[in-house]
Structure formats: structure tokens, C-alpha cells
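Since the structure comes first, as C-alpha cells, the remarks are kept for the end.
Each reported figure results from applying straightforward, stated rules to the coordinates on display, with no laboratory input. Note that the coordinates shown come from a computational prediction; the quantities given were computed from them, not determined experimentally. Note: ideal-geometry Cβ built from the backbone for every residue, glycine included; neighbour counts use all protein chains shown.
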Amino acid sequence: MLAFTLASLSGNLLVVFGVFAFIIALTGIRYIPNDRVGVVEKRWSRRGSVTSGLIARNREAGYQPDVLRGGLHYLTPLQFRVHSVPLVTIPQGRIGYVFARDGMPLQPTQTLASNIKADGFENVAEFLSNGGQRGPQRKILREGTYALNLAQFVIITADQLYFLPLEDDDRAVITRMATIINDRSGFEPLVIQGSEDMLGVVTVHDGPSLGDGEIIAPVVGNHPADSDVFHNNFQDPERFLFAGGRRGRQLQVLVDGTYYLNRLFVTIELIHKSVVEVGFVGVVVSYTGEIGADLSGTEYKHGELVLKGQRGVWNEALLPGKYAFNTYAGKIILVPTTNFILKWIRSESGQHRFDENLSEVSLITKDAFEPSLPLSVVVHIDYRKAPLVIQRFGDVKRLVEQTLDPMVSAYFKNIGQTRTVIQLLQDRAMIQKLAGEEMQDRFAHYNLELEEVLIGTPTASAGDKRIEDILTQLRVRQIAEEQVETYGRQEKAAIKERELREAESRARQQQQLTESEVSIVVQSNQGKAEYQRALQQASQIRALAEAEAEKAARIGIAQAIAIEEQVRAYGGPQFQLTQQVMNRFAEAIQQSCVDVVPKVVIGGHNGDGANGSGSSSVMEALLTMLLSDRMGVGLTTTTPRPANPQADELRSQIRRSIAAPKST
């Protein structure tokens with residue numbers, strides 16, 4: 001019974017132990033989702049715990065270097081602890097920064113950890129065995145998804161922090177690092193657009209320091225054919241430092257493009273490109289580079305000229321254009337190559353304002369006047385001599401104020417002492433020409449070309465009216481001379497105007513003169529023609545008149561003979577006269593419609609006892625003359641007709657012609 005009991009108890013213990021062992025075995029199974037990884041922590045080990053660092057490289061107790069990927073995994077129960085962490089995802093166009101918790105310590109000259117031999121961050125064992133260093137890493141993470149051991153690495157991105165908390169203040173430290181990166185715009189690549197005409201000045205925060213006397217780090221090899229020194233424009237810090245790169249502001253700049261840079265390794269300052277406009281050249285004064293040989297010659301004692309890239313004033317100026325010039329490594333001094341004007345006039349200045357501090361030259365003339373003389377000088381600088389000018393004076397404005405101003409002022413002061421004010425006014429052209437010739441050599445001594453000297457009108461100082469009085473007298477004198485000249489010219493003009501008007505009048509009357517001359521000829525011809533016609537008409541009229549006269553004579557003679565015969569037939573001439581009178585009287589009474597016998601007869605006598613009616617007297621006289629003729633009583637005594645042989649002959653011819661038969 002006891003044996004059965006012991007056997008039964010033993011069997012139960014085995015069952016319990018088996019169940020317990022099964023449960024223990026089940027606790028060793030781990031499931032990791034595919035979007036996560038498992039960081040393994042070993043609780044104990046026969047090899048003991050990690051003696052240095054964080055990661056157990058030799059399977060000691062501690063965080064193991066390898067991670068568990070998605071799926072089922074079996075680990076010794078109670079010996080391992082698995083921390084499930086997400087995969088690290090870097091979005092497109094973003095940058096991730098890595099901080100290593102374990103590895104080799106940093107060197108005194110280092111600020112970022114180096115991992116030259118490590119292929120990446122996903123193999124922690126390889127990272128540590130190949131000399132990977134702890135701290136912020138020089139290498140960055142580009143776009144993609146990474147299965148990283150977040151116990152060893154802290155990943156900082158713009159959107160999320162990837163890490164396995166080990167201490168309470170871990171998040172605060174990592175957040176401060178993320179803030180620094182964000183302030184430097186380090187989560188995004190650097191983009192320099194060509195349209196902005198900017199360039200990036202690079203400052204490296206890691207690597208060996210600059211040597212004595214150096215203010216800017218020189219350019220290191222970056223040609224693609226030389227893979228040992230090619231650092232791809234600071235995007236590969238390891239190669240940059242391996243090629244001899246140093247910390248500090250770099251001589252090399254970044255131009256247009258996109259750059260994925262570790263902003264803990266470098267910082268970028270954007271500045272404008274240097275522009276040399278048309279009409280200028282840029283003289284470069286370099287603050288860095290090796291010490292070069294002097295190219296200015298032994299006779300030039302004012303400084304040295306060096307080759308391009310060496311420290312000092314470059315012997316070749318930059319021609320017009322845009323340059324990616326690092327203004328921290330030197331400066332570009334613009335020198336005009338076109339003609340520019342320097343004005344010794346207080347209220348005016350040239351386009352380049354080199355003369356903004358110049359004023360009129362104060363003179364003392366031969367006649368003790370103290371006028372101020374305004375000047376303008378046209379100057380040209382040969383672009384090949386521009387480096388000499390800068391090397392000698394520093395800049396053009398300093399040349400003008402420290403050299404040209406005293407030289408020009410002294411020259412014209414000497415000129416003023418040898419001439420009066422009036423001579424200064426009247427001889428201005430000659431003085432200009434003389435000054436231009438004499439000062440050319442002086443300007444050439446300073447590597448300048450004098451083009452022209454222009455002199456203005458001297459002006460008096462404030463309150464001094466003596467020069468104005470002289471000018472007034474000169475004006476009056478000149479006006480008088482001009483008036484004399486004007487009057488003489490007006491006289492000539494009047495004569496010319498009179499001649500012109502006469503010529504114009506002749507021209508206007510020329511047509512009428514021509515027409516009148518032609519008219520005279522025409523009228524002369526017409527007169528001659530009319531004269532000939534008149535002669536012909538006169539001959540014709542004469543012939544007609546003679547014919548008419550002969551005809552009239554013949555008719556008259558015939559009428560006379562006929563009347564004579566009628567008279568003779570009717571009782572003689574007295575009867576004929578009486579008859580004609582009565583006929584005329586009867587025609588007059590008929591036309592005037594006067595009554596022959598008055599309707600009312602008013603009787604009366606005049607002073608002589610006769611009737612007062614004149615018309616009755618006339619009628620009575622006519623009737624008396626008619627009755628006396630009819631009765632044969634003569635009122636008067638007739639005288640016999642005198643003999644006229646010619647009339648008798650003509651009368652005979654008419655009678656014969658009347659008696660002769662008419663011919664057809």
C-alpha cells in the first residue's frame with residue numbers, strides 16, 4: 001500500500017513536473033510582428049555579465065548584438081527578455097541621424113564618431129568589431145526602412161525618435177539633440193537653386209584644427225577619378241577627413257544642386273554670388289593660399305602681385321561675370337574700366353561716388369582775388385593695370401582722396417597765382433589744354449590715364465562781390481560789342497532785305513511785264529489789221545458814197561424836175577409851198593387830235609384891235625394865203641430865177657436819162 005502510494009505520488013509529481021516543464025517551455029516562444037524587431041536582453045549567463053560597454057559581444061549577460069526579425073523564435077525560458085521595437089523608416093527626401101551607445105571612445109580631435117570599416121548600422125557585432133565609435137555618427141541614414149538594434153543605436157528623424165529607453169533622462173537628452181539638428185534644417189537636404197544666385201559657405205565641425213596663420217581650410221581633393229580623396233562635396237565626411245580635410249570654414253563652396261549633408265558635421269551659410277558688372281573688373285585680394293613669388297617687378301615698391309590662388313593680390317583681374325567666390329577667403333574690389341568723372345564740386349559727385357568728399361579748389365590770383373575753381377577730370381583705368389592700382393592704394397576712392405585731390409589742387413593753385421581773374425576767365429580753353437598735357441604724365445605715374453580736364457567758372461566766396469562786379473563789367477562790355485556787331489549785321493540784313501524785296505517784286509511783276517509786252521505786240525498787230533480794214537472800208541464807203549451821191553443826185557435832179565413839172569402843172573412854186581404847208585399842218589392836227597373848229601370861241605381884242613387868239617391868226621393867215629393863190633392874187637412879188645448853166649445842163653442830162661430807155 002505504501003509502495004503504491006509512493007508510486008502514485010511519484011507519478012503525480014512527474015505529471016506536475018511535466019506540466020510545469022511544458023509551461024516553462026511555452027514561455028520560451030517569442031513572436032515578433034513583421035513591422036517590428038526584437039531586441040534581446042540576456043538575464044544571466046555562465047560567461048558572466050558585460051564588463052565594459054553596453055552590448056554583450058561574447059554572449060555575456062546583457063543586450064545582445066543581434067535582433068529578432070518578424071516570426072516565431074524560441075529562447076531559453078526565463079533567461080532572455082525580448083523588447084519589441086518598431087522598424088526605423090526614413091521618408092523620401094529626409095535624413096536620419098544615428099547615435100551609438102556603445103563602441104570605441106572618440107579621439108580628442110573628434111566631435112562625431114567614425115565608422116569607416118562598418119558597412120552599416122544593422123550589424124552591431126560588425127560595427128563594434130571594426131572600430132565603430134560611440135556617440136553621434138558621421139554617417140547618416142537616407143531614405144528607406146532599417147531593422148536596427150535600438151538598444152545600441154538611437155535614431156533621430158524629423159517625425160519620430162527611435163530608441164530603447166535605458167534611463168529616465170534618455171528622452172530629454174535625445175530631444176535636445178533633435179532640436180539642434182532641426183535648428184540647422186538638418187532633416188532635409190540642402191537645395192541651392194540656380195535662380196537665386198546663391199552659394200553655400202561650408203563650416204566643418206569635426207577633424208583636425210587649422211594650422212598657425214590659417215583662417216580658412218584649403219580645398220581637399222574631390223575629383224571623381226581619385227576615389228581615395230573624393231568626398232562628394234562634404235557628403236562623405238569619412239573620405240573628406242581621410243583626404244586631409246580640416247575643421248573650420250572651408251575655402252570650397254557649394255554651388256547649385258541638392259546635397260545630403262550631416263548638419264552635425266557641417267553647417268551651411270548661404271551668400272550671394274559675386275557679380276562683376278560690365279564696365280568693371282574685379283581685383284581679388286586673397287586671404288588664404290600659399291605664399292607666392294612677387295610678379296610686380298623689382299622697380300615696383302608698393303606691394304606684391306601673386307598668381308591666382310595664392311595669398312595676396314592676384315595679378316589677373318576677374319572679367320565681367322558671376323563668380324562662386326568665397327567672400328570669407330578674400331574680397332573682390334570692383335575697378336571701373338570705363339571713363340569716370342571726378343568732380344571737384346561740393347554739391348555734385350560722379351556715378352561711382354569716388355569724389356563725394358571733394359570740393360572746389362581755392363585759388364589766390366595774381367590780382368589778389370580768392371575765387372573757388374570748380375573742376376572735372378575724366379579718368380580711365382586700364383583693366384590690366386587695375387591690380388597695380390589696388391595693390392598701391394587699396395581702392396580707387398582712397399587713390400582719389402589721398403593722391404589725386406592734393407596733386408590736382410596744387411597744380412591749379414600754381415596756375416591761379418600766375419593769372420588775373422579776367423585771364424582765368426578768358427584763357428580757360430588754353431589752361432584746359434595745358435593742364436591736360438602737363439598732368440598726363442603725373443596720372444600715368446599712378447597707373448591712370450587722364451582723358452580730359454574741364455574747368456568751370458570761378459566763383460567768389462560768400463560775401464565777396466568783387467568778382468561779380470568784374471563779371472558785370474565784362475558783361476556790359478561784351479553786350480556793347482555785341483550790339484555794335486548786331487547793328488552792323490542788321491544794316492547788312494536791311495540792305496539784303498531791300499534787294500530781296502526788289503527781286504521778289506520783279507519776280508511778281510515779271511508775268512505782267514511779259515503779258516503787257518505780248519499785249520502791245522498783239523494790239524499793234526490788231527491795229528495794223530484794223531487800219532487795213534478801215535482803209536478797205538473807207539474805199540468801199542467812198543465808192544458807195546460816190547455811187548449813192550450820184551444816185552441821190554440823179555434822184556434829186558429827177559425829183560426836182562418832177563417837182564418843177566408838177567409845180568408848173570399846179571400853178572408854180574407858191575402853190576406848191578402852200579400845199580406842202582397845208583399837208584404838214586393837216587398831219588399835225590391829225591396826230592395831236594386838236595379840233596379844227598373850237599367848241600368855245602372867246603372873243604377879245606389885243607392892244608392893236610385884233611383878236612387875242614394866236615391860233616385863229618395862224619389859221620386865218622393860212623386860209624388867206626391859200627385863197628389868194630387860188631384866186632390868182634400874189635401876196636408878194638417874185639423875182640426871176642437867175643440863170644444857172646450847170647443846173648440847166650444837169651437838168652437836161654436827167655431829162656435825157658429819164659427819157660432814154662432803161663437797160664437791164
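A cut-off of 5 Å between modelled amide H atoms, ignoring neighbours fewer than 5 places along the same chain, links Arg384 with no other residue. In terms of modelled amide H atoms, which long-range or inter-chain residues lie less than 5 Å from the amide H of Glu452? For Glu452, whose amide H was placed from the backbone, the distant partners under 5 Å are Val378. Counting every other Cβ atom within 10 Å of each residue's Cβ, Asp212, Asp395, Asp441 order from fewest to most as Asp212, Asp441, Asp395.
Using the Cβ atoms and a cut-off under 15 Å, what net charge is assigned to the surroundings of Lys496, where Lys and Arg are +1 and Asp and Glu are -1? Here the count lands on -1. Within straight-line reach of Lys413, meaning a Cα separation under 13 Å, sit the following aspartates and glutamates at least 8 residues removed in sequence or on another chain: Glu360, Glu370, Asp405.
Estimated from the Cβ-Cβ distance and a Förster radius of 35 angstrom, the FRET efficiency linking Lys433 and Tyr323 is about 0.25.
For the range 79-95, backbone phi angles converted through the Karplus equation (6.51, -1.76, 1.60; θ = phi - 60°) give residue-by-residue couplings of 8, 10, 10, 10, 9, 7, 10, x, 5, 8, 10, 9, x, 5, x, 10, 10 Hz, Gly and Pro being listed as x. Cross-link reach is defined here as a Cα-Cα straight distance under 15 Å, omitting same-chain residues fewer than 8 places apart; for Lys42 the aspartates and glutamates meeting it are Glu60, Asp66. Of all DSSP bridge pairs formed entirely within the range 190-272, close to 95 percent run antiparallel. In order along the range 534-539, the Karplus-derived 3J(HN,Hα) couplings, from 6.51 cos²θ - 1.76 cosθ + 1.60 at θ = phi - 60°, round to 5, 4, 5, 5, 5, 4 Hz, and Gly and Pro are given as x.
The simple Förster model, with R0 at 30 Å and r as the Cβ-Cβ distance, assigns Lys492 and Ser516 a FRET efficiency of 0.30.
When the Cα atoms of the range 284-455 are aligned to their principal axes, the ranges along those axes come out at 62, 34, 20 Å in descending order. Remark on Ser362: its backbone amide H falls under 5 Å from those of Leu373, a criterion applied only to residues 5 or more positions apart or on other chains, H modelled at 1.01 Å from N. Listed by chain and number, the lysines whose alpha-carbon sits under 17 Å from that of Lys551, ignoring those within fewer than 8 places in the same chain, are Lys662. The simple Förster model, with R0 at 35 Å and r as the Cβ-Cβ distance, assigns Leu307 and Ser195 a FRET efficiency of 0.55.
For Pro237, neighbours were defined as the other residues whose beta-carbon sits under 9 Å from its Cβ, and their charges (Lys and Arg +1, Asp and Glu -1) total 0.
Which order do the peptides 244-254, 472-482 take when ranked by the mean count of other beta-carbon atoms within 10 Å per residue, highest first? Display every interim value, and only then the final one.
Values: 244-254: 20.5, 472-482: 10.6.
Packing proxy ranking, top to bottom: 244-254, 472-482.
The local environment of Leu87, defined by Cβ-Cβ distances under 15 Å, has a net charge of -2 under the rule Lys, Arg +1 and Asp, Glu -1.
The fraction of Cα-Cα pairs per 5 angstrom bin, counted from 0 for the range 439-568, comes to 2, 7, 5, 5, 5, 5, 5, 5, 5, 5, 4, 4, 4, 4, 3, 3, 3, 3, 3, 3, 2, 2, 2, 2, 2, 2, 2, 1, 1, 0, 0, 0 percent, rounded to whole percents. With 28 Å as the limit on Cα-Cα distance, the pairs of Lys139/Lys322; Lys273/Lys397; Lys366/Lys465; Lys273/Lys308; Lys385/Lys433; Lys308/Lys343 that go past it are Lys139/Lys322; Lys308/Lys343. Highest average first, the peptides 338-345, 194-201, 279-286 ordered by how many other beta carbon atoms sit within 10 Å of their residues are 279-286, 338-345, 194-201. Distance from the C-alpha centroid of the range 361-382 to that of the range 62-128: 82 Å, rounded to the whole angstrom.
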